[in-house]
Amino acid sequence: MKKIEAIIRPEKLPIVKAALEESGYPGMTITEVRGHGVQKGIKQQWRGREFIVEFLPKVKLEVVVSSDEDVDRILGLIKDNAATGEIGDGKVFIIDISDAMRVRTGERGASVI
Ligand SMILES: Nc1ncnc2c1ncn2[C@@H]1O[C@H](COP(=O)(O)OP(=O)(O)OP(=O)(O)O)[C@@H](O)[C@H]1O
Ligand SMILES: [Mg+2]
């Protein structure tokens, strides 16, 4: 099992969510986060003065899947639906998951996904 942890633009969440659900990935976790990448935030102007917004709002989308093929499909869906081509489109991290449990039944392993 793998976890896909994608940091994306908040406005792209609805289309990414729809693409995941349509492709057979109904389970996901969403967190509103703030962060920055290599540009370390952005410069903004306010009343003629320049200041840096250090941490920009992003959405963290977590999806746990059973196979490497699922990882590849979801990376494709995220690229197709969340990319604008501009800086700040986000980043995706892939994490190994050792086990899982459905709380209602106590079942374990990849079948709970
Ligand atoms: N190395 C990192 N570790 C943890 N989170 C990161 C890392 N890099 C980026 N992020 C998260 O991803 C969000 C989006 O990053 P961003 O898309 O700006 O990455 P980037 O590497 O600067 O690429 P780009 O040049 O396209 O902007 C950040 O706001 C931050 O939350
Ligand atoms: Mg950046």
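Of everything in the stretch 40-56 that's of a type in the set (D, E, K, R) and outside any strand (DSSP E or B), which residue is surrounded by the most Cβ atoms within 10 Å (Cβ to Cβ)? Spell out the reasoning first.
The first filter runs over the stretch 40-56 and keeps only residues of a type in the set (D, E, K, R), leaving 40, 43, 47, 49-50, 54.
This time we only want the ones that are outside any strand (DSSP E or B), so: 40, 47, 54.
Details: LYS40: 9, ARG47: 4, GLU54: 11.
Top of the filtered list is GLU54.
Let's see how each residue does on (1) of a type in the set (A, V, I, L, M, F, W, C); (2) out of contact with any helix residue (DSSP H, G or I) (no Cβ under 8 Å at 6 or more places or on another chain):
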{"position": "THR29", "(1), (2)": "no, yes"}
{"position": "GLY35", "(1), (2)": "no, yes"}
{"position": "PHE51", "(1), (2)": "yes, yes"}
{"position": "VAL59", "(1), (2)": "yes, no"}
{"position": "VAL64", "(1), (2)": "yes, yes"}
{"position": "ASP68", "(1), (2)": "no, yes"}
{"position": "LYS79", "(1), (2)": "no, yes"}
{"position": "SER98", "(1), (2)": "no, yes"}
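Within the stretch 65-113, track down each residue that is more than 16 Å from ligand 2 (Cβ to nearest atom), assigned to a strand (DSSP E or B) and within 20 Å of the chain's Cα centre (by Cα). Once the filter is applied, which keeps residues that are more than 16 Å from ligand 2 (Cβ to nearest atom), assigned to a strand (DSSP E or B) and within 20 Å of the chain's Cα centre (by Cα), the stretch 65-113 yields VAL65, ILE94, ILE95, ASP96.
Please work out if VAL53 is touching a residue at least 24 places away in the same chain (Cβ under 8 Å) and on the phi < 0 side of the Ramachandran plot.
No: the conditions fail for VAL53.
The number of residues in the stretch 11-37 being within 16 Å of ligand 1 (Cβ to nearest atom), touching a residue at least 12 places away in the same chain (Cβ under 8 Å) and not in a strand (DSSP E or B) comes to 5. For the stretch 60-84, the tally of residues that are in contact (Cβ under 8 Å) with a residue 40 or more places away in the chain and in contact with an Asp or Glu (Cβ under 6 Å, 6 or more places away or on another chain) stands at 1.
Since every read-out is calculated from the coordinates, none of them should be taken as a lab result. Worth saying up front: this structure is predicted, and the values here are computed from it rather than measured. Positions of Cβ are backbone-derived with ideal geometry, glycine not excepted, and every protein chain shown enters the neighbour counts.
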